[in-house]
């Protein structure tokens, strides 16, 4: 052993690697049927994830009344819904490759809509805190306006009382 080097066979190394990859992906072998099952499983997972993400986004948007959805986010939502429906149809027909393609598009668009920067900025600015921002801006302007309105009202009421006295 000290004078000779041990060189494991390439087949032994690759077979170990293949076994680990199969275990990681949950496939029993590298046959087309097993790969097809993996594609079906991943397609179903992406469709489910798309539906959950869109449902969560809809719930979030219904809870925040003042949130504005940009056209870009709306387009991503529409693309996600349309492609999720197409993926389900292709999966039912048995066209796994097209179903996988559309489920990927749906998944990425739903995640993109959910994590869009325009929506994320509004999530960290709750509706309740809107007044905390607007009051310091408008209060200095409104105090003189209210004082002027009060003076105008007093002047107008004094004018009426002077007219009644003069008559």
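So for region 10-22 (the condition being farther than 24 Å from residue 109 by Cα, in a loop (DSSP other than H, G, I, E, B) and outside the structural domain of residue 116 (by TED's automatic domain parsing)), does at least one residue qualify?
Within region 10-22, not a single residue is farther than 24 Å from residue 109 by Cα, in a loop (DSSP other than H, G, I, E, B) and outside the structural domain of residue 116 (by TED's automatic domain parsing).
Can you tell me which condition residue 125 does not meet? The list is (1) at pLDDT below 95; (2) in a helix (DSSP H, G or I); (3) over 17 Å from residue 36 (Cβ atoms), and all the others hold.
(2)
Considering only region 60-85, how many residues are surrounded by fewer than 12 Cβ atoms within 10 Å (Cβ to Cβ) and over 30 Å from residue 98 (Cβ atoms)?
Within region 60-85, residues that are surrounded by fewer than 12 Cβ atoms within 10 Å (Cβ to Cβ) and over 30 Å from residue 98 (Cβ atoms) number 5.
The values are calculated or read from the model by the stated rules, or taken from the named source; none is laboratory data. The shown structure was predicted, so the numbers you read here are calculated from the model rather than taken from an experiment. Cβ: placed from backbone, ideal geometry, glycine included. Neighbour counts: every protein chain shown.
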